[in-house]
Every structure is written in structure tokens, then in C-alpha cells.
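See structure below.
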Amino acid sequence: MAAAAALALGALPAPAAARAQFRAAPEFDLPGHHLLDVGAADVDGDGRLDLFTTNHKFSSALLLNEGGGHFSDGLASLGLSPSRGFPGLERMKAPDMSADGAYLFVRSPSGKGARSYVQIRTVGTAARGRLTFGSEKVDVQRRVGADVDESRSDAGQPVVTFDARAGAVIDIALRHVDLPIAVNFDEPDPADVFVGSDAVAATERSFLLTLRDRHGLAFADLGGDRGTDLFAASGGLGGGIKLPGYRGQVQDELLVGRGNSFSDESADSGLEKGDCRGREAASVDVDGDGLLDVFEGCEGAPPLIYRQVAPARFEPFPAPDSIATTFRWADTRGDARLELLAAERDGVHVYGFRADGPHPVDRVRADARKGKVTQFALSDFDADGDLDALAVAHTGNTVLENRRGHLHAVPPRRFGLPSRSVAASFVDYDNDGMVDLDLVPQGLYHRTGRSSFRPAHALEAHGAKAAVTTWFDADGDGLRDAVIATGPSAFSNDKTVRSFRNGTPGGHWLEVDLRGPAGNAQAIGARLRIRCGGHRQFGFVGQSDDSRYSQGHYRLYFGLGSCTTVREATVRWPDGSRDSFGPLRVDRVIRLTEG
């Protein structure tokens, strides 16, 4: 099939391109320090899309969308702080110590091989206790006004016992501050023991400190009650997770939504990460039983899959023996079952799943050398009812055109697109009814009507070597807004985060949230077809999610141009059933519910 024919959109005319207009959005205040990922999700279930980041064990963000373009910090209030029980510990700086008490906080300077510190300060009171570390080696580097002893527990873990007078200073260096630290204060009383950068008072004499090295987050219905829950994939101590002394100390998280907060149900979940250096996190119905399962990508090793057997309870499920630079779930076969795209060394492999496990269904060459694809961006950009993909890499981009359920590699130059990029998002930024493309570092490319794109000369990020992008409608005006984080590498200490409000003059629009039954309330795997003005468009739940490692953006976006009424909307649900709706008014966000 020629490229021009592949990208034809029937009788849809080529509209005049509106000049792309974006302004800075300081209200999206996201931390760039050690930023790894950024994404959108309706975390609190109010119908508005929120923003989140992952920043390893450092300060991350969860900005709750209050409506009207206003956002508020919801990380601690929802119980989603990576240092549960002591929010603010992850800020890794000294607290305000104006009140009398014993202060315990951590510090972790940037830089390769830099050591972290646990620090104790006493103000106007004495303190006695001990710390038992998960890290294999610690070093008391400073002790002023305190007697400090170092020993080993029966299990061989380092133990630091301290007897500190008022005004004491204790600094303890260690390699992995993100391993558990068991804390016991014999004195003072717990109410006078303050923990972390926010000086949160302890409630008991003994407690556990755990900084979570979060990489990928998957927001979905994992508790079986149609609510939003969270699976968080943790890193692997820079490879140290494979060492015998650290085995079993690092775990992923399952946080189940319970009313206005999340409950940590990791211990009884059945999720065991072993020595997986966690990267991607996803929730998909792998075995087709109607319950969402859990997927975790592992650096330098095959991924993990856990099948849900009861609400918030999982067991191991066979995963493909695939070592890939990135993964993406997509319905490439058009059967409402999701396949796994894996960027392996010799090309893009596609795996299907049956009740007994994975099986290969497709393989296609990609232009990226040694399989170093950094991201798959998804869209049905030729409006033929199946999902296409763009594999981006600094060593070569490849358009993966879907023809009757099989992917075919097409050079991007046939569409006027650049040959190398580091991140991508398909987005109809002007709502003209044709899907455009945002590329890093090149910026926006506008779809010109039939078979090509051209630069829109907006949102360029010159010099970026790594990036994460997310496009979401922040204020309900129908225009998708952008967050673009760039840096010298995916794991760089600091990234530049740029946020933009979209003010481009555009056409009519419709945004749709699909609502499925308990077990898959987000309707992951569903497809929506709309008919408007004699033309049709398709949306697949999950295609809007261009986070590098995370999942949660399930909203479907349709630019409608001059069309004022959606004549019909047909949903093919994940179980294969179908519902039709319509006619539908445009220029609004709607929810369509199964049944």
C-alpha cells in the first residue's frame, strides 16, 4: 500500500492550519530534580485529569485538578507520598528545628557514587535509641555531644545505637538510603520525635522509614470496586537488588483507593518483584477474564506479569522472554485483546496472550540501531479503525503502519517527518479532525490533509537528548495542553520542565471517558468509533497515554472541525460487546457507561 493511500482520510478536506498558540503555564509546577516520568490520570475520580511525576526516591508531584485550571498538591492528603507515614522525608533537607525535640531526617546529594546521610539533631532535649539499616554498610562520620556505637543485628544488618545529649549532632553515611531503616527511640516521647523535612511527629517509639524509588505508576481498577488504585514499580538500587544481601528488601507497591485515601496493601498482594529493576508499569487484562492484571518492565531482563485472581490479589503469570528498551500495550489485531509491543535488539516484536501465556504474533524491522527505541506513540492516524504506532529513537524513527492486524515499517521521510527523535505524542492540537504530532526535539508537526506533515514551528526543544511528554486537557476547554520535560539523559539528575496552555484557534471537539464494570472500570482495551459530518474517527482507550513509564490517561479526544453533532458513537467494550450512543452534543466532556 502506498503511503499516500495509507494516510488518506476519505473525503475529509484539508483545513487551513491555524497558527499554533501556546503560553507558559506556571500553575503546572512540577519538580525537575531527578524527574523520570510525567503523566496524567484521574487519580481522585472526580472526572478531571490530574498531573503526576515520578522522581525516583526524591520529591515527586501529584497535582489535583480543582477545575478552572487550578491545581492543588494531593500527594500527602491522599496517602500517596513515597515516604508513607512521614511525608516530606523525600525532600532530603533539614527541617525547621525551632521547637525542642529530636530530629531525624535524610540527605542525598546528587552525583554518581554520592553517599546518602541519615542525620540526627537534638534541640533542648536528650535522645536515646537505635537505627537498624537495610544497607549493608554504614559509617558514622560525625558525632558531637553523643555516644554512638556500631554493631550488627542477628541478621547481619548494621545497627547504630546512640545516647545523645541536648544539642547533639550525628551524621551517618550509607550507600542506599532507599532501603528500609528500622527506628527506635527510647527517649524522648514520640510526640517530641520529628521526622523528615516537614518535621512530622512520630506516633510510636518504633517505626520504619522507607523511601520509595518509584519509576512507573499505573492507575487503574485493581481493587475490583470500580475505584482508582495504584501499582508503583520500584527501581533496583542501580543493580544492587541482585546481590544476596539486598534480595527481598525492595518491593513494588499496591495502593488501593479507600474513600478519600489510598491503603497500602502490598504485603498481601502476592506481588514479588524478585531482582527486577522496575521500569514500566501497566494494568491490562492479559488473560481475558475481565480483571486487570499487572505488568512490570525490568531493566536488562524479561518483564514480570501478575494475574489478578481476586480483588487486589495476584499470582505470577508467564511473560515473554523479551529483553527490550521499551514496551507498549496496544490492540494491534482489532480483537479487543491487547498485544505487547517490545523494542528488542533485532526489531519490534509483538506478543499476543492466551490463557496459558504469551505467543509471538508479529515482528517488524525498525530503523533504530540495536533496538534502542525509547518510546512507542500510538494513534489510528489513518482513520481505518486499527492502531498504528511510531517508534522513536535517537538512532532512527520508524512509522509502524497497521495493515489488517500486522505492522509494517515505513520510513518517516515519506510523511515529511524527521528521521530521529527522543519522544513523541500524537495530538490534534487544533481540533481540525486530523491527528498532528509532537516530537522532541523538533516540536509540533501539523497534518496537512492526506499523506504528510509539516513543521508548525512551535514547542521546539533544541539540544534535548531525552524527554517525556504528556498532552491533556487541563481546563476542560477542549484543547489539549502540554507538559514537556527534557534533559541530557533519561536518568539525569535534573530535567527542564516546560508546561504550556494551548490557545490555538480550533474546531469543535468531544472528549469521552468510557466506564466499564468492576474489575476494569477504565475499560482498558475498548475502542470507540464516532461518526460526525459524514466522517468517522476511532479512539482506543490508552492511546492518549504517552508517559515513558506510566499509565493512567484513558480519555479519548476527538477534534471535529466544523462538525456540530456526533451522529453516532459505537463502543466495542473489552469483552467484545457493543453499545451505540447518539446523537451527541459536541464541545464537552462526556462519560459513556457499558450496558
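Here, each number is a calculation from the coordinates, and none is a lab measurement. Everything numeric here is computed off the predicted structure, so don't read it as measured data. No Cβ is skipped: glycine too gets one built from the backbone with ideal geometry, and neighbour counts run over all protein chains shown.
Ranked from highest to lowest mean number of other Cβ atoms within 10 Å per residue, what is the order of the peptides 178-185, 403-410, 376-383?
Working: 178-185: 20.8, 403-410: 16.4, 376-383: 22.9.
In descending order of packing, they fall as 376-383, 178-185, 403-410.
Using 0.36 nm per residue and subtracting the Cα-Cα separation, the extra length available between R413 and R363 on full extension is 15.8 nm. Applied to the range 552-562, the Karplus parametrisation 6.51 cos²θ - 1.76 cosθ + 1.60 on θ = phi - 60° returns per-residue 3J(HN,Hα) values of x, 9, 9, 5, 9, 10, 9, x, 10, x, 8 Hz, with x for Gly and Pro.
Please name whichever of I241, G274, G288 sits farthest to the positive end of the charge dipole of the range 197-290, dipole taken about the Cα centre and charges placed at Cβ: Lys and Arg +1, Asp and Glu -1. About the Cα centre, the residue reaching furthest to the positive side is I241.
Run the helix sum for the chain: -39,500 (n - 2.57) per DSSP H stretch of 4+ residues, divided by residue count, reported at 222 nm to the nearest 500 deg cm²/dmol. Working shown, then result.
Values: 1 runs with 4 residues, N = 595.
That comes out to 0 deg cm²/dmol.
In this rough spin-label picture, where each label sits 7 Å from Cα along the Cβ direction, the D356-R585 distance is 5.4 nm. Scanning residues 5 or more positions from H33 or on other chains, those with amide H under 5 Å from its amide H are K495, with H placed 1.01 Å from N in the peptide plane. Working note: Karplus 6.51/-1.76/1.60 with θ = phi - 60° gives the range 34-40 the couplings 6, 5, 10, 8, 9, x, 10 Hz, where Gly and Pro are set to x.
Please sort 145-155, 85-95 by packing, taking for each peptide the average over its residues of neighbouring beta carbons within 10 angstrom, highest first.
On the way: 145-155: 11.7, 85-95: 19.8.
Sorting 145-155, 85-95 by mean packing, highest first, produces 85-95, 145-155.
The H on the amide N of Q375, modeled in the peptide plane, is under 5 Å from the matching H of V392, each at least 5 residues off or on a different chain. Rounded to the nearest 20 debye, the dipole magnitude of the chain is 1980 debye, with +1 charges on Lys and Arg beta carbons, -1 on Asp and Glu beta carbons, and the Cα centre as origin.
Listed options for volume of the Cα convex hull per residue in Å³ are [x] 196; [y] 205; [z] 139. The value calculated from this structure is the one marked [z]. Coupling constants for the range 400-416 follow from the phi torsions by the Karplus curve (6.51 cos²θ - 1.76 cosθ + 1.60, θ = phi - 60°), and in residue order they are 10, 7, 8, 10, 6, x, 10, 8, 10, 6, 10, x, x, 4, 5, 10, x Hz; glycine and proline get x.
Inter-part distance, the range 454-484 to the range 271-293, computed on C-alpha centroids, equals 29 Å. Taking each residue as 0.36 nm, the span from D163 to R578 lengthens on full extension beyond its C-alpha to C-alpha distance by 142.5 nm. Only Cα pairs under 8 Å and 6+ residues apart enter the sum, and on that basis the relative contact order of the range 177-329 stands at 17 percent.
Relative to the current alpha-carbon distance between D494 and L243, full extension at 0.36 nm per residue lengthens the span by 87.5 nm.
Of the residues T564, Q543, I524, the one whose Cα sits farthest towards the positive end of the charge dipole of the range 508-595 is T564 (charges of +1 on Lys and Arg Cβ, -1 on Asp and Glu Cβ, taken about the Cα centre).
Contact order, relative form, for the chain: 14 percent (alpha carbon pairs under 8 Å, 6 or more residues apart, mean separation divided by residue count).
Counting only other residues whose beta carbon sits under 13 Å from that of R143, what net charge do I get with K and R as +1, D and E as -1?
Values: positive: R121, R142, R165; negative: D139, D147, D149, E150, D163, D171.
Cβ neighbours under 13 Å give a net charge of -3.
Give the peptides 309-322, 472-485, 247-260, 580-593 in descending order of average Cβ contacts within 10 Å, highest first.
Values: 309-322: 16.4, 472-485: 22.8, 247-260: 18.6, 580-593: 14.3.
The densest-packed peptide leads the list: 472-485, 247-260, 309-322, 580-593.
Legend: calculated FRET efficiency, S452 to S263, from the Cβ-Cβ distance at R0 = 30 Å, rounded to 0.05, equals 0.05.
Distant-in-sequence amide contacts of T332, defined by a placed amide H-H separation under 5 Å and a gap of 5 or more residues or a different chain, comprise E339.
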